[in-house]
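Trainee: The structure is given below, and queries will be raised subsequently.
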Amino acid sequence: MQADRGFLTGNSLFAHAVGAGFHKVLDRIDAGLDHGALEGILPDGSRRILGGRGEGPTAIVKLNSWRALIRLGRSGSVGWYKAWELGEWESPDPVLLFDLFMRNRAGLGSTARASGFTRLINFFAHFLRRNSLGQARKNIAFHYDLGNDFYSAWLDETMTYSSALFAERLSTHEPLSRAQNRKMAAIADRLNLPEGAHVLEIGCGWGAMSRHLAREHGAHVTAITLSEEQKKHAETMRGDLAIDYQLTDYRDVKDQFDGIASIEMVEAVGQQFWPAYLDAIATNLKPGGRAAIQYISIADDVFENYARSADFIQTYIFPGGMLLSESRFRGLAQARGLQWCDQHDFGLDYAETLRRWRMSFDKAVEAGGLPAGFDSYFVKLWRYYLMYCEGGFRGGGINVSQVTLVKNDN
């Protein structure tokens, strides 16, 4: 293995021969970059500019080993992360690279996606972790039960783990907590609740939205989660508000509600269970009632390739998760008598939210503010995750939206 790495990083004749082959890979990347540019510092110390034909970010990547391109070609974003973790590539600002790749998703096509047998392995592993009734709680625990002390070390005081809604796009001065409260107010306004309304929140997180509905609108809230840690925190913050926190799967709710709120929970459902999620909304919502949904979607022009494998996020961060295809999800909602109303997209707000989280996360790490047990590998993984997501939103291939689903009266 060590000799292999030498061939792929050194200046031997063999390394030059290998490098010539990899330049063909770089040629394909170059051809696909219609917006922005990539400045590559190659293993032999030479430089190469890819793209540069249209407006967009300029990312710098130093390839320490050609092996990084092998991993990218075989395993897509999963392999590219592994190469970064092993030091096979580095960048002064990976966010720009992720932005660049997402912005040029059409031109790049399958260049940066898993292929062949590796794609099948990734897909099968993802399939085994699909969100069946038995598996869903395990998937949620994998991510959200890392501990309340962990999340409180870098989230704002509302403990809200979803996109904020800023007064100005890409605002760098508005406090994050204020923008989070604006997001919650926008969700509540969509519900148009009568006095004393009974509201269901699907995926209540640490309870900020349910408290807002109970405190500001006098609602009686049934708030469900599959995370024991989230439920524990939410109950300590409830006070005398009329909120019933439950460890309940959305498929097990059997009641009638004036309104339903669900903020960035549907990404944890999976395409196979989108119909069941929308059935739960249609069945548990009173005629004429409203559901306010905040969701993350991926562009339809890459959804099919995305859905046929498992990317870095699904493999390392959110097992069983899947971003929405807005057109497919909307069709399923309308088929269930749910009108799709007042969609508002604010993807760049998520990019700024993620940037704030990353800055706060880095400060917590530097100050030793994370709980014991989170080692350097975990810290690197989560920093990469926050940068990866931020770049995706900046590149426009991933979006966050709010929509109101109105149940037909009949």
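The values are calculated or read from the model by the stated rules, or taken from the named source; none is laboratory data. Fair warning: this is a prediction, and the values are worked out from it, not measured in the lab. Neighbour counts run over all protein chains shown; Cβ positions are idealised from the backbone, glycine included. What goes into the accessible areas is simple: the full protein's heavy atoms, side chains included, and nothing from ligands, DNA or RNA. Shrake-Rupley method; radii C 1.70, N 1.55, O 1.52, S 1.80 Å.
Trainee: Does Ile313 satisfy the condition of being buried (at least 22 other Cβ atoms within 10 Å of the Cβ), aliphatic (A, V, I, L, M) and assigned to a helix (DSSP H, G or I)?
Mentor: Considered against the rule, which asks whether it is buried (at least 22 other Cβ atoms within 10 Å of the Cβ), aliphatic (A, V, I, L, M) and assigned to a helix (DSSP H, G or I), Ile313 comes out as no.
Trainee: Further question: Which of the residues that make up the range 143-174 are part of a loop (DSSP other than H, G, I, E, B) and open to solvent by 60 Å² or more (accessible area, probe 1.4 Å)?
Mentor: Passing the criteria: Glu157, Ala167, Glu168, Arg169, Leu170, Thr172, His173.
Trainee: Working only within the range 264-282, note down all residues that are closer than 17 Å to Gly321 by Cβ, surrounded by fewer than 23 Cβ atoms within 10 Å (Cβ to Cβ) and small (Gly, Ala, Ser).
Mentor: Within the range 264-282, Ala268, Ala276 qualify.
Trainee: Then there's this: Within the range 344-358, which residues are of a type outside the set (A, V, I, L, M, F, W, C) and either in a helix (DSSP H, G or I) or surrounded by 22 or more Cβ atoms within 10 Å (Cβ to Cβ) (or both)?
Mentor: Within the range 344-358, Gly347, Asp349, Tyr350, Glu352, Thr353, Arg355, Arg356, Arg358 qualify.
Trainee: Additional query: List, please: which pairs have Cβ atoms under 7 Å, are six or more places apart or on different chains, and start with a residue in the range 283-295 that is hydroxyl-bearing (Ser, Thr, Tyr) and end with one that is open to solvent by less than 10 Å² (accessible area, probe 1.4 Å)?
Mentor: Within 7 Å, the pairs are Tyr295/Val266; Tyr295/Leu324; Tyr295/Ser401.
Trainee: Please determine whether any residue of the range 394-401 is within 30 Å of Gly288 (Cα to Cα), assigned to a strand (DSSP E or B) and over 17 Å from the mean Cα position of the chain (by Cα).
Mentor: Checking the range 394-401: not a single residue is within 30 Å of Gly288 (Cα to Cα), assigned to a strand (DSSP E or B) and over 17 Å from the mean Cα position of the chain (by Cα).
Trainee: Of the conditions (1) under 27 Å from Phe273 (Cα atoms); (2) of a type in the set (Phe, Trp, Tyr); (3) modelled with pLDDT of 95 or more; (4) surrounded by 17 or more Cβ atoms within 10 Å (Cβ to Cβ), Phe361 satisfies every one except a single condition; which number is it?
Mentor: (1)
Trainee: Then there's this: Collect the residues in the range 362-392 that are more than 22 Å from Val78 (Cβ to Cβ) and either part of a helix (DSSP H, G or I) or touching a strand residue (DSSP E or B) at 6+ places or on another chain (Cβ under 9 Å) (or both), keeping them in residue-number order.
Mentor: Asp362, Lys363, Ala364, Val365, Glu366 - these are the residues of the range 362-392 that are more than 22 Å from Val78 (Cβ to Cβ) and either part of a helix (DSSP H, G or I) or touching a strand residue (DSSP E or B) at 6+ places or on another chain (Cβ under 9 Å) (or both).
Trainee: Still on this structure: Has the range 185-200 got any residue that is in a strand (DSSP E or B) and open to solvent by 20 Å² or more (accessible area, probe 1.4 Å)?
Mentor: Yes, the range 185-200 contains at least one residue that is in a strand (DSSP E or B) and open to solvent by 20 Å² or more (accessible area, probe 1.4 Å).
Trainee: May I pose another question? Specify the residue that is surrounded by the most Cβ atoms within 10 Å (Cβ to Cβ); the eligible residues are those in the range 48-59 that are touching a helix residue (DSSP H, G or I) at 6+ places or on another chain (Cβ under 8 Å) and not small (Gly, Ala, Ser).
Mentor: Among those that are touching a helix residue (DSSP H, G or I) at 6+ places or on another chain (Cβ under 8 Å) and not small (Gly, Ala, Ser), it is Leu50.
Trainee: Residue check: is Val302 outside any strand (DSSP E or B), among the hydrophobic types (A, V, I, L, M, F, W, C), open to solvent by 20 Å² or more (accessible area, probe 1.4 Å) and in contact with a helix residue (DSSP H, G or I) (Cβ under 8 Å, 6 or more places away or on another chain)?
Mentor: Spelling it out, it is not the case that Val302 is outside any strand (DSSP E or B), among the hydrophobic types (A, V, I, L, M, F, W, C), open to solvent by 20 Å² or more (accessible area, probe 1.4 Å) and in contact with a helix residue (DSSP H, G or I) (Cβ under 8 Å, 6 or more places away or on another chain).
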